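Inspection log for the structure reproduced underneath, given as C-alpha cells.
The values are calculated or read from the model by the stated rules, or taken from the named source; none is laboratory data. If you're wondering where the values come from, they're calculated on a predicted model, not measured in any experiment. In this analysis, Cβ positions are derived from the backbone assuming ideal geometry, glycine residues included, and neighbour counts consider all displayed protein chains. Just so you know, the surface numbers come from the protein's heavy atoms only, side chains and all, with ligands and any DNA or RNA stripped out. Shrake-Rupley method; radii C 1.70, N 1.55, O 1.52, S 1.80 Å.
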Amino acid sequence: MHKSTPLAGAIALVLAYAHARAADAMPAEPTGTPTTATSLSAAPTTQLEHVEVSATRQRLDEARSSLSPDTGSTVYRFDKADIAKLPLGDATPLNQVLLRTPGVVGDADGAVHVRGDHGNLQYRINGVVIPESVSGFGQTLDTRFAANVDVLTGALPAQYGYRTAGVVDIRTKGADLPNAGSVDLLLGSRGHREGSASIGGSVGDLQYFVTGSALQNQIGIENPTPSNNALHDDTRQTKGFAYLSDLLGEQSRVSLMLGSASNRFQIPDVPSQSPSYSLAGATPPASANLDANQRERSNFQVLTFQSSLVDGLDYQVSLFNRDSRVHYLPDPVGDLTYNGVAADVTRTNVASGLQFDLSRPLGDQHTLRAGLFVQHERGSVANAATVFPADASGSQTSDVPLTLADDSQVSGRLFGVYLQDEWQPTKALSVNYGLRYDKVATVSDESQLSPRLGLVYQWGNDTRVHAGYARYFTPPPTEKIDTTSVQKFLGTTNALPSDANTAVRSERANYFDLGVSHQLTPQVTLGADAYYRDVRHLQDDGQFGKALIYSAFNYERGRIYGIDLSVSYKADRLSAYANVGLSSAMGNGIETGQFNFSADELAYISNHWVHLDHEQAVTASGGLSYRIGDGTLVGGDVLYGSGLRRGFANTAHLPGYVQVNASVSRDFNLDGFGKFDLRLSVINLFDRSYALRDGSGIGVGAPQYAARRTLYFGLSKPFTF
C-alpha cells in the first residue's frame, strides 16, 4: 500500500476546485429552453469573457516580469520550441538543459557549475525563490512544467541575492494552454521506463496546470567503472507539480504552487575489491554484492498574491515552505569491512519564509524597485556510525565494532532588503543601480551592504553592449554546514586527519562583467561575455566521508575569470547554436573544514594557488535541428569538456571528452485516435567511455563515468477537452 503524499492531496484539491469553478462558470439552463438554443445564446458572452480574462492575465504576467529586471546581467533563454529541439524534448532533465548554455560545466551526481562556481544556483518559479533542498543525486525540478527557462548570470541586479552564480528562472505552463493535456511514455536502454501525464487550462478566472511523472532504470548514479552496465544501480523516481491561479478582479490574482520529488537510489558497486577490515563473526560479502542505498525526498509549497494597480504600482508577496530529506543506508557488513565505517546518515532541512517585491515608475525615465526576503531554516543530522577501534596510525585494533551517535541540529535565519532604480536617460541607454543589505545567522552572524550597477547600451540597430558590477554575499547552505565531532571519532577507523574550524563563513565577492551581442544577419546572432570575480572566504564543497553527502568549507581567497562565446542561427526550418566557455577558477589557503584534509595537502594549499576541483578550462556545446515538411524534426547536439581536476591538491586534470546526441521526432494522426508524437533519441551516439571523476582530487569521493550509448523511444498522446 502506498501512502498518500501531500502533493497527491493537493492535486486532488486543485482538480476539485477546478471542477467546482467549471460548474459555477456554466450558465444555468432556463426551464423549458432547448439545450441547443441555450448554447447558441450563451456563446458570445462566454467568448468575450475569455478575451477579457486573457488580457487581464497577460497584463499581470507583464507586471510580474517587470518586478525582475536583468539589466547588466547575461541572459540565455529557452522557450518551448528550444526545449522541444533537445534530444529528449521536455523529458530532458533540467541540469541537462543548463549544459546547453555557455560556461556551464557538467559534473557527477547531476551537478552543474556555472562560471567556475560549485553549485551556488538559485531557482525561481514565476519570480519566486524556491529554497534549496538537501543535495543528493536526484533532480527535484522537472523540465516538463516549464514554458520558458531563463538562465541569468554575471553581475545581477539588486533583487538577486544569496545564490548568485546563476539564476534559473522558470515560467510555468498554464498561462497559454487551452483545456488540454498529454499522456507520455519513454522507454530506453538499461531498463528505462518513464511515464508522465499533464493537464492544464482555464475555467473563467481560474487557471491550472498539473503534471506528474514516474521513472525507473538501472543507471541511477554514474557508473564507478567504464563498463557498459553498472552493478547495483537501480533507481525509482517520482515527481509532481501543480499550479493554480485565480483572478481577483481586474488588478489582482492569487496563485498556489506545489512541488514534490521522491527518489530512491542503489549505490553502484565495484567488483574485485578486497576488504580492508575484519569483523568478528561475519564473512565480508563480495564487493560486487554490496547493498548500500540512498533515499531522497523534497516538497515545496508557495502561496502568492500579486496586484497591479492603476497608478503603475505592481507588487507581489509570496509565502513559501520547503522540506527535504536525504537518507544514506549503508551495507552494515560491507561498508564496515571495506571502508572501516558503516554510517547510517539522515540529513533533513525545513525552510520557510516570505518574499516581497514591488515596482513603480517615477516619470518617464525612472522605475523604482524594492523588496525584502526573510527565511528561517531548521537543519538536522542524525548519524549512527559503526566503526572499529584503531591506533594513532588508523590501523584496526579490534574486530568488535562500536556504534557512535553524532547527531546535531543547526538553525539559520536569512534577512535581505534591496532598493534600486532603473534609469533610462535615452532610448539607447538603460542604467540599473541599487543596494541590498543581507544578514545571516547560522553557525556565525554575518552581514553585508552590497552595491550593484548594471547598464545596457543599444549601439545602432544590431549591437547591444552590457556591463555590470556586483558585490555578492553568499551564506553557506545550512544543510552543508559540517557539524562532525572531531573528538568523538578519535581512536577509531573513522578518525579525521586533523582538528579544525567547522564554522563555515559567508563568501564575499566583487564581480565584474562585460558583454556584447551583435545581430550579424536577421538569422545569426553573435555573443561574447567576459567576467572576473575576486573572492574572500571562497566557498566550496565536497564528499569527504564515506556517505555520499556533501560538506562545505572555505578557501581564504579565490580568483575566477573567463569568457563565454556564443553564436546562434534561427530560420524557418533550420536552427543551430554553438557555445564555448574558457574559465579559470583557483583558491588559496583552507580557512574552515581543515579536518577534511591531510596535513601535507593543507600545507601545500596554504602556499599555492590551486585549481578548484570543478574547474574545466574549456567547455563547449552545439546543436542543430531541421524541420522536414510539417511534422518531422531531425536534430542533434554535442557536448565537449577538457576535463575536471584530479590528483593531489587538484594539480592534474582528467582527459577531455566529446559526447554526441541525436534525435528524430514526428507528429502523425491515427484514424480514430487522433494526434500522436513519436520520438527516437540516442544519447552518446558513438558510445564514448570517459570519466567525469576518477576518485582523486579535493572532495572527490569515488570514480564516476558518463553513461554509455543509450537509446530512447518516446510516445506522447496530446488531448483536448
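Among the criteria (1) open to solvent by 30 Å² or more (accessible area, probe 1.4 Å); (2) within 20 Å of GLN159 (Cβ to Cβ); (3) aliphatic (A, V, I, L, M), the one ALA370 does not fulfil is (1).
Within the range 449-465, the set of residues being surrounded by fewer than 17 Cβ atoms within 10 Å (Cβ to Cβ) and within 30 Å of ARG413 (Cβ to Cβ) comprises LEU449, PRO451. Of all the criteria given as (1) in a strand (DSSP E or B); (2) touching a helix residue (DSSP H, G or I) at 6+ places or on another chain (Cβ under 8 Å); (3) open to solvent by 10 Å² or more (accessible area, probe 1.4 Å); (4) more than 18 Å from ALA84 (Cα to Cα), the one not satisfied by LEU186 is (4). For the residues GLY622, GLY695, GLY701, GLY635, the requirement of being farther than 30 Å from GLY589 by Cα, surrounded by fewer than 21 Cβ atoms within 10 Å (Cβ to Cβ) and not aromatic (Phe, Trp, Tyr) singles out GLY622.
Name the residues in the range 419-441 that are among the hydroxyl-bearing types (Ser, Thr, Tyr) and under 20 Å from ALA509 (Cα atoms), would you? Full working, then the answer.
Our first condition is that a residue be among the hydroxyl-bearing types (Ser, Thr, Tyr); within the range 419-441, this holds for 426, 430, 433, 437.
Result: TYR433, TYR437.
For the range 203-214, the condition holds for at least one residue, the condition being that it is among the hydrophobic types (A, V, I, L, M, F, W, C) and out of contact with any Leu (no Cβ under 8 Å at 6 or more places or on another chain).
Against the list (1) surrounded by fewer than 17 Cβ atoms within 10 Å (Cβ to Cβ); (2) at pLDDT 95 or above, the condition ALA382 fails is (2). The condition (being under 30 Å from LEU402 (Cα atoms) and either open to solvent by 10 Å² or more (accessible area, probe 1.4 Å) or more than 21 Å from the chain's Cα centre (by Cα) (or both)) is satisfied by just one residue among LEU290, LEU244, LEU309, LEU256: LEU290. Every condition in (1) open to solvent by 20 Å² or more (accessible area, probe 1.4 Å); (2) under 27 Å from TYR550 (Cβ atoms); (3) in a loop (DSSP other than H, G, I, E, B) holds for PRO178 except the one numbered (2). Against the criterion of being part of a strand (DSSP E or B), farther than 29 Å from PRO87 by Cβ, modelled with pLDDT of 95 or more and acidic (Asp, Glu), GLU591 does not qualify. Taken over the range 389-431, the criterion of being open to solvent by less than 60 Å² (accessible area, probe 1.4 Å) and farther than 29 Å from ALA343 by Cα is satisfied by LEU414, GLY416, VAL417, TYR418, GLN420, ASP421, GLU422, PRO425, ALA428, LEU429, SER430, VAL431. For LEU67, the conditions (1) open to solvent by less than 30 Å² (accessible area, probe 1.4 Å); (2) at pLDDT 90 or above are fulfilled apart from (2).
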